[in-house]
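Heads up: the structure comes next, in structure tokens.
Every number here is computed from the coordinates shown, using simple stated rules; none is lab data. None of the values given here were measured: they were computed from a predicted structure. Positions of Cβ are backbone-derived with ideal geometry, glycine not excepted, and every protein chain shown enters the neighbour counts.
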Amino acid sequence: MSLDGAYDPANIFAKILRGEAPCVKVFEDEHVFAFMDVFPQSRGHTLVIPKQSTARNLLEEDPKVLAHLMTGVQRIARAVRSALAPDGLVITQYNGAPAGQTVFHLHVHIIPRWSDQPLGRHASGTMADMDELKALAEQISAMIS
Ligand code: 5GP
């Protein structure tokens, strides 16, 4: 899907938001929902999505919703840092399939990085162990202030 197109309410993140598909939740407030990526590029890879949104990408989003989203991203990123003590954090976001986007509900990736560990491939590889994801989500969640 390119930058043009219609929002598909059957996308996996919309299903997660509606409770129709499972996820390992980290945090939720009025504006944002955060959960563990099931194909993590590193330990602790977390996704943050706007709750009231039918934007497929950043370009389509209402600036007010975007402001809440980025505030949420900062809050979760700080918690990831406190919980996992990474050496760095990648905060990234893809717009359109040619750019690498695979799920078309706006979302931001928080990917902790350690100096001695390579970055995993984007949106591929083996599905993470659910118990491990739950443990990480608990650790991150406990650090959200
Ligand atoms: P994108 O490629 O659109 O920037 O990112 C989509 C992300 O969602 C990828 O990192 C991919 O691993 C993740 N993902 C795909 N399907 C699911 C799913 O069903 N549950 C969760 N938690 N993550 C998913």
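For the stretch 53-75, taking the residues that are hydrophobic (A, V, I, L, M, F, W, C) and in a helix (DSSP H, G or I), the one that is surrounded by the most Cβ atoms within 10 Å (Cβ to Cβ) is identified as LEU69. Scanning the stretch 76-87 for residues that are in a loop (DSSP other than H, G, I, E, B) and either in contact with a helix residue (DSSP H, G or I) (Cβ under 9 Å, 6 or more places away or on another chain) or closer than 14 Å to VAL108 by Cβ (or both) yields one hit, PRO86.
Pick from the stretch 98-145 the residues that are touching a helix residue (DSSP H, G or I) at 6+ places or on another chain (Cβ under 8 Å) and part of a loop (DSSP other than H, G, I, E, B): which of them is farthest from GLU28 (Cα to Cα)? Across the stretch 98-145, the extreme among qualifying residues is VAL103. What are the residues in the stretch 27-41 that are of a type outside the set (A, V, I, L, M), buried (at least 19 other Cβ atoms within 10 Å of the Cβ) and more than 10 Å from the ligand (Cβ to nearest atom), if any? The answer is PHE33, and nothing else.
Only one entry of SER145, SER115 meets the criterion of being away from the ligand (no atom under 12 Å from the Cβ) and in contact with an Asp or Glu (Cβ under 7 Å, 6 or more places away or on another chain), and that entry is SER115. Selection of the stretch 91-108 for residues being within 8 Å of the ligand (Cβ to nearest atom) and of a type in the set (A, V, I, L, M) yields only VAL103.
The set of residues in the stretch 110-145 that are of a type in the set (Ser, Thr, Tyr) and either on the phi > 0 side of the Ramachandran plot or surrounded by fewer than 12 Cβ atoms within 10 Å (Cβ to Cβ) (or both) comprises SER115, SER124, THR126, SER145. Checked across the stretch 4-26, the condition of being more than 8 Å from the ligand (Cβ to nearest atom), part of a strand (DSSP E or B) and closer than 18 Å to HIS109 by Cβ holds for at least one residue.
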